[in-house]
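The values are calculated or read from the model by the stated rules, or taken from the named source; none is laboratory data. Because the structure is a prediction, the values reported are computed rather than measured. Side chains included, ligands, DNA and RNA excluded: accessible areas come from the protein's heavy atoms. Shrake-Rupley method; radii C 1.70, N 1.55, O 1.52, S 1.80 Å.
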Amino acid sequence: MVDAKQLPMARGLGKTDRIDSWWASPMAMAAYLGIMVVYATWRGFMEADFWIFSDFGASAGTSTMAIENKNSHVLSPLFSPLIIPGKDGLGSWIPESLWWMSPAMFILIVPAGFRGTCYYYRKAYYRSFFASPAACAVSTPFGDYNGERKLFLFQNLHRYFMYLAVAYLFVLSYDVYMATQFHSGDDAGMGISVGTLVLALNVVLLGGYTLGCHSFRHLIGGIRNRFRNGGGKIAEKCWTACSGLNKNHNKWAIYSLFWVMFSDFYVYMCTSEVWSDLVLIGGV
Ligand code: FES
């Protein structure tokens, strides 16, 4: 066995012999992820009905979760599925006494858990927020990296979040369908608004991100490490298709996150009557 030789390296927080702008990428990522997390948290709490948030929540009598004033139903992905405690659907499973909770509070754990345990995001936020390491050949503040242990074992839950995220794609696809169904009194018809397209693109981007997941790729390939031992042509074709998405998993991760937030922002702007959801085709 050959002895591993450690190259000399500058020691201390952020110390390095690199002379390029190695700090630019982790700083940009920290800003990007920080903005996304703050925005999602603000919007999630906005529809809650306690403390300062009751200015916006159910007591205030307005809802910024879905565009309804164009006879369609364009639901923000941050609030889907729309769980209203004590009401129809999934809400009937939740005690009515929790009416003050925002629908986003019941479901954001799934996308947050899925992204938080994603292999790509782990690299991104370990570098950006924990400087562990901030970049290749840059000294870490907490000693050398020696694996995800102890508390970080929860990262192993990724595959289970992936199952939920795949199911979530069907929920969001249903929302796109609902955004094509227009109703006014007894009249009903199909149509497409800008909001419908915004939600549809959201499903495409989230699909590209979710179906390119490393865990999904393993699952769809037949939960095996080599095709030599069987698995069949169909599993291999699915695995190859996922591999294609997986090559750009980082891009799908970044763009899909942006578009989820933009979709919500679009709904928020339209429900606040700053923008209007233009009906492009059909409607009633
Ligand atoms: S590895 Fe990124 S979503 Fe699974």
Summing -39500 (n - 2.57) over the DSSP H runs of n ≥ 4 in the chain and dividing by its residue number, what mean residue ellipticity at 222 nm do you reach, to the nearest 500 deg cm²/dmol? -15500 deg cm²/dmol
Given 4 °C and 1.567 mPa s, how large is the Stokes-Einstein diffusion coefficient of the stretch 31-79 in µm²/s, with Rh as the Kirkwood radius over Cα pairs? 109 µm²/s
Over the chain, what is the relative contact order in percent, taking alpha-carbon pairs closer than 8 angstrom and at least six residues apart? 23 percent
Nearest 10 degrees, 0 to 90: what angle lies between the long axis of helix 158-178 and the longest principal axis of the chain (Cα atoms)? 30 degrees
Please compute the Kirkwood hydrodynamic radius of the chain from all pairs of different C-alpha atoms, in Å with one decimal. 21.6 Å
Could you give the distance between the Cα centres of the stretch 55-76 and the stretch 199-224, to the whole Å? 31 Å
Going through the cross-link list K15/K123; K15/K247; K123/K150; K5/K247, which pairs have a Cα-Cα distance over 21 Å in this structure? K15/K247; K5/K247
Only Cα pairs within less than 10 Å get springs; with that Gaussian network setup on the chain, which residue of G113, G14, G44 has the largest fluctuation? G14
Measure of compaction for the stretch 127-284 (Cα Rg per 2.2 N^0.38 Å): 1.39
Any idea how far the Cα center of the stretch 117-177 sits from the one of the stretch 267-284, in Å? 35 Å
Solvent-accessible ranking of I192, I281, I19, I83, largest area first, probe 1.4 Å: I19, I281, I192, I83
